[in-house]
Amino acid sequence: MSILKGIVGGILGYLLGAALVTSIRAATGAEPWDFEVATMGAYLPTVVGWLLGVGVWEYWARPWFGREAKPYTTVGWRRYFNFDTDHKVIGIQYLVSFLFLFFLAGLFAMVMRWELMNPGRDILTPSSYNGFMSLHGTMMVFVAVAAIVGAFGNYIVPIMIGADDMAFPKLNALSYWLVPVVVAFLTASFLVGGYDTGWTGYAPLSVTTRTGALFFNLAFLTLGLSSIVGAINFLTTVHKMRAPGMTWSRLPIFVWSIYVTSWLSLIFTQFIALAMLMVVFARTLGMAFFEAAAGGDPLLYQNVFWFYSHPAVYIMILPAFGVTLEILSHFSRKPLFAYKWAVGGMIGIAAMSAFVWAHHMFTSGMPDVLLKPFLASTELISIPTGLIMLSALGTIWQGRLRLHVPMLFALGVVFNFLFGGITGVFLADAPLDIQLHDTYFVVAHFHYVILGGGIFGLFAAVYYWFPKMTGRMMNETLGKVHFWWMIIGFNFTFMPMFWIGMNGMNRRISDYVPNLGGTNRMISLAGFFLGMSFVIFLWNYIYSWWRGADAPSNPWGATTLEWMTSSPPPLENFDVIPEVVGGPYTYGDKSAKHAILEPRL
Amino acid sequence: MGAERSDNRVDLIIVAVLWVALTGAGLWWATVTNLHPIGASSNAVISDEAFDLLLYLSMPVTTFVVVVLGYSVLRFRVSLDETEDAAPVRSNRLFIAMWVLITVGLSVYVIFNPGFTGLDALAADKNAEMTIEVTASQWRWDYRYVEENIEFLDADGLVLPVDTRILFKITSQDVIHSFWVPAFRVKKDAVPGLITEVYMTTTKLGDFAQDDGFRNQCAELCGTGHTRMRTTVTVLTRVDFIAWVDAQRNAEVSG
């Protein structure tokens with residue numbers, strides 16, 4: 001119901017905005033109707049109309065006008081389709097939405113691999129290939145940026161720190177309900193014929209190409225808004241809502257990862273908004289930011305874009321590091337090794353991420369004097385990243401490893417990320433990057449980082465916290481089949497891409513020189529194999545949610561706070577406010593305690 | 001506690017042996033396998049040497065992580081219903097110190113070699129015998145030989161003399177493209193309103209029919225025709241090149 005009201009609100013907003021812009025154009029003597037200009041003008045009214053309709057008005061804004069806010073009366077599964085401020089509802093909304101996007105974008109990858117299976121043209125025109133490739137990249141980037149943070153940041157972080165909810169529950173709901181707007185804009189771009197700029201949307205191409213690019217820009221802008229709102233919320237929550245005794249050095253590492261990530265989102269996301277807005281205004285208002293002949297600079301876009309988008313890589317991977325280290329400790333039954341070094345590594349990565357963006361531009365024609373500084377800063381970022389590896393290896397060494405499914409995925413992150421990280425050292429080397437830039441070597445590198453690290457981390461988190469979120473256990477055997485199937489498929493798909501990239505396969509092409517055919521076919525077949533592994537997951541996920549065995553409050557015997565309350569936790573999470581009395585990983589020390597949950601007088 | 005320590009020593013020895021063995025095998029593989037496609041310019045040597053050096057340096061790092069990971073999983077796993085904890089080792093100063101020293105040392109080293117040395121080598125010689133203006137547009141390449149004063153619009157191929165220092169001056173008329181010849185390890189974006197420059201020396205004869213690394217392929221996504229935006233590249237002997245230039249001039253006159 002509320003979704004329907006939101007859609008009506010959005011449509012009314014669009015009509016209002018478009019009418020306003022069109023009448024202004026008519027008044028100034030311009031051709032009144034222009035689809036892109038009208039859409040640009042209607043962007044804000046559309047978003048506001050949707051948000052008001054979907055629940056902001058009923059639950060939030062009515063008191064501003066002297067009325068009573070409506071009480072939250074929705075119960076049961078309908079809550080998930082409603083504007084609900086419970087962080088646990090929002091976490092599940094994020095998880096399901098982004099898993100859906102992940103599988104959809106994965107299907108697009110299957111279509112691309114089908115086209116690339118043979119040299120020559122198979123099923124797609126070059127133009128539709130570009131469309132699928134661009135949507136695949138964009139949607140996967142959105143998934144990587146928001147899935148772990150949105151789903152587990154929301155659901156788990158407040159419980160882990162002993163809070164009853166996020167600091168700003170209504171803002172939290174707002175940041176989720178912007179996500180359907182993102183999906184709507186991506187769908188709109190598809191309906192008007194897609195866009196062919198890739199997820200990087202480089203100007204001037206993005207200014208001159210088809211209308212779909214406008215919707216891509218608006219989608220990214222909206223996701224950015226959602227990220228910033230979410231980041232403010234996480235930062236405030238971690239600062240202000242920690243249970244008594246939860247000092248900074250007692251924070252579970254996953255909380256640290258979300259905290260550091262939130263700083264990155266808060267500081268850098270506005271730059272992507274700027275990049276997107278500049279393109280929108282260049283398209284609709286003719287502002288010549290990137291047009292050399294009119295005094296603009298084509299490289300301006302790349303600088304602003306990467307000033308966000310390189311830190312964004314760490315927004316994607318840091319939460320996965322947090323999940324991984326968290327799980328490694330619990331399933332090795334050993335305290336996290338070198339906790340302070342791991343936290344320092346995360347902070348170091350975040351701090352240095354601001355100084356490496358131009359390594360995406362070594363061949364762009366930027367001034368030569370900048371090559372050395374950016375080469376150096378990029379190589380140096382492997383030092384804090386190495387600290388995460390140090391902590392991971394030190395934790396499993398001489399542990400007592402119980403290879404449950406979440407543990408398998410966490411170990412998978414360490415293995416896959418190793419190759420993603422090491423090849424990053426190669427790409428940072430500017431003299432070598434000249435050859436490797438924009439080839440499949442880069443494609444392999446970032447899939448090792450983002451799929452092999454980030455998405456394996458996402459699945460580790462899904463398997464780990466599923467019992468807590470749903471009150472049910474996932475099937476262990478199916479989970480193991482999924483893990484082995486996925487990691488084998490993944491490595492066979494992406495390892496050969498390093499080689500094929502070195503040997504002349506460049507990115508974002510629908511056809512290639514014939515002698516790369518054999519390897520491409522092998523990659524495609526491995527890719528289909530990888531794709532099929534998710535069928536197992538989906539079956540396990542859906543069936544377990546529906547009929548899985550009941551989960552106890554602490555199925556893994558883990559020590560952090562979310563396992564000290566029921567599965568799923570009650571509204572406001574704990575019956576009594578926990579009192580934290582020690583570090584989060586109390587393994588091997590019978591006398592140590594993380595928290596006390598006793599009714600106090 | 002004493003028993004655990006001696007266990008640890010055995011584990012460390014086994015890991016060390018596996019590490020050395022796997023590193024040796026990896027380095028052997030890296031030296032006997034040629035991972036590179038044909039290289040036909042001075043820049044290709046710099047690029048390939050950088051790759052090889054990084055491959056050698058990264059080998060012990062990679063094998064260390066793989067060995068520790070694999071050994072730990074096999075050696076320290078217990079059955080799923082075990083609930084006993086491991087000994088609470090939270091830190092090990094020696095291991096952390098070694099790790100930090102080595103990662104800092106390696107990171108700083110690769111900045112200078114192959115990083116800065118490679119960049120300096122690429123920029124060392126700015127005396128070109130020949131200048132070619134490369135102009136990209138959606139979706140074609142134009143080449144103009146400045147000294148020879150011949151021009152090819154929407155060209156099929158780029159013809160060059162061997163053992164010659166060449167300066168490419170690259171620009172674009174619309175969106176960003178990228179001039180990339182895989183066999184030369186040369187890649188430079190074609191940016192509207194900007195002239196980007198690449199120096200390189202041709203070192204080998206060759207053509208596209210013989211090896212497809214001899215092609216100029218657009219490497220920056222530029223729209224629908226991006227995939228097809230490529231021309232062949234041919235490297236001739238200097239004598240053949242002069243004859244080829246004459247033939248082009250005659251063709252122009254008679255045409």
So, in Å, what gap is there between the alpha-carbon centers of the stretch A:101-121 and the stretch A:167-245?
25
Compare each residue of the stretch B:56-74 in its chain alone against the assembly with all protein chains, and report those whose accessible area goes down by 10 Å² or more; 1.4 Å probe, heavy atoms.
B:S58, B:V61, B:T62, B:V65, B:V66, B:V68, B:L69, B:S72, B:V73
Ignoring any ligand, DNA or RNA, what whole percent of the accessible area of the protein assembly as shown comes from carbon and sulfur when the probe is 1.4 angstrom?
66
The stretch B:117-176 versus the stretch A:391-423: alpha-carbon centroid distance in Å
48
So what are the radius of gyration and Dmax for the Cα set of the stretch B:144-255, in Å?
14.2, 39
Pop out a list of residues from the stretch A:420-434 that are at least 20 Å² less accessible with all the protein chains around than in their chain alone; 1.4 Å probe, no ligands or nucleic acids counted.
A:I422, A:V425, A:F426, A:D429, A:P431, A:L432, A:I434
What whole-number value in Å² describes the accessible area per residue of chain A for a 1.4 Å probe?
34
Going residue by residue through the stretch A:71-80, the Karplus relation 6.51 cos²θ - 1.76 cosθ + 1.60 with θ = phi - 60° gives ³J(HN,Hα) values, rounded to whole Hz and with x marking Gly or Pro, of x, 6, 10, 5, 10, x, 5, 5, 4, 6
Span-rule helices in chain B, defined as complete DSSP H runs reaching 20 Å or more along the axis (Cα) with Kyte mean at least 1.6
B:93-110
Kirkwood Rh and Cα-based Rg: tell me the resulting Rg over Rh for the stretch A:107-203, rounded to two decimals.
1.14
Starting from the amide H of B:V175, placed 1.01 Å from N in the peptide plane, find each other amide H under 5 Å away whose residue is 5 or more places distant or on another chain.
B:Q138
With a 1.4 Å probe on protein heavy atoms only, tell me which residues of the stretch A:391-407 lose at least 50 Å² of accessible surface in the complex relative to the chain by itself.
A:L393, A:W397, A:Q398, A:R400, A:L401, A:R402, A:L403
What is the sum of charges, Lys and Arg at +1 and Asp and Glu at -1, for the other residues whose Cβ falls under 15 Å from the Cβ of B:R230?
-3
Which loop trypsin sites (Lys or Arg not before Pro) in the stretch A:34-82, with loop taken from DSSP, have no more than 16 other Cβ atoms within 10 angstrom of their Cβ?
A:R67
Under 5 Å between amide H atoms, partner at least 5 residues away or on a different chain: which partners does B:I150 have, H built in plane at 1.01 Å?
B:Y145
I'd like the accessible area for A:D511: 1.4 Å probe, protein heavy atoms, all chains in place, Å² to the nearest 10.
10
Using a 1.4 Å probe and ignoring any ligands, DNA or RNA, find the accessible area of A:M495 and quote it in Å² to the nearest 10.
80
Rounded to the nearest Å, what's the spacing between the alpha carbon centres of the stretch A:434-455 and the stretch B:16-46? Just the number, please.
20
Not counting the cut sites, what is the longest span of chain B without GluC sites (Glu not before Pro) that DSSP labels loop and that have at most 15 other Cβ atoms within 10 Å?
B:148-255
Can you give the three extents of the C-alpha atoms in chain B along their principal axes, from longest to shortest, in whole Å?
94, 37, 31
Please report the net charge: other residues with Cβ closer than 10 Å to the Cβ of A:A551, K and R +1, D and E -1.
+1
In the stretch A:501-592, which GluC sites (Glu not before Pro) are in a loop and have at most 15 other Cβ atoms within 10 Å, using DSSP for the loop call?
A:E572
On the formula 1/(1 + (r/R0)^6), with r taken between the Cβ atoms of A:D122 and B:V32 and R0 of 45 Å, the FRET efficiency rounded to 0.05 is 0.80
Å² per residue, accessible surface of the stretch B:130-254 at 1.4 Å
38
Net charge dipole size for chain A [Lys, Arg +1 and Asp, Glu -1 on Cβ; Debye, nearest 20]:
1160
Rounded to the nearest 100 Å², the accessible area buried between B and A, both sides, probe 1.4 Å, is 7600
Just need the Rg to Rh number for chain A, please, alpha carbons only, Kirkwood Rh.
0.97
Please work out the Cα convex hull volume for the stretch A:358-470 and give it in Å³ per residue.
115
Given the protein chains as shown and a 1.4 Å probe, how many square angstrom of A:W263 are accessible, to the nearest 10?
110
Scan around B:S41 for amide H atoms under 5 Å from its own, H built in the peptide plane at 1.01 Å from N, and keep only partners 5 or more places away or cross-chain.
B:T203
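The values are calculated or read from the model by the stated rules, or taken from the named source; none is laboratory data. Treat the numbers as computed from the prediction; the structure is a model and nothing was measured. So basically every Cβ, Gly included, is an ideal-geometry build from the backbone, and we count neighbours across all protein chains shown. Areas reflect the complete protein model, heavy atoms only, side chains present, ligands, DNA and RNA absent. Shrake-Rupley method; radii C 1.70, N 1.55, O 1.52, S 1.80 Å.
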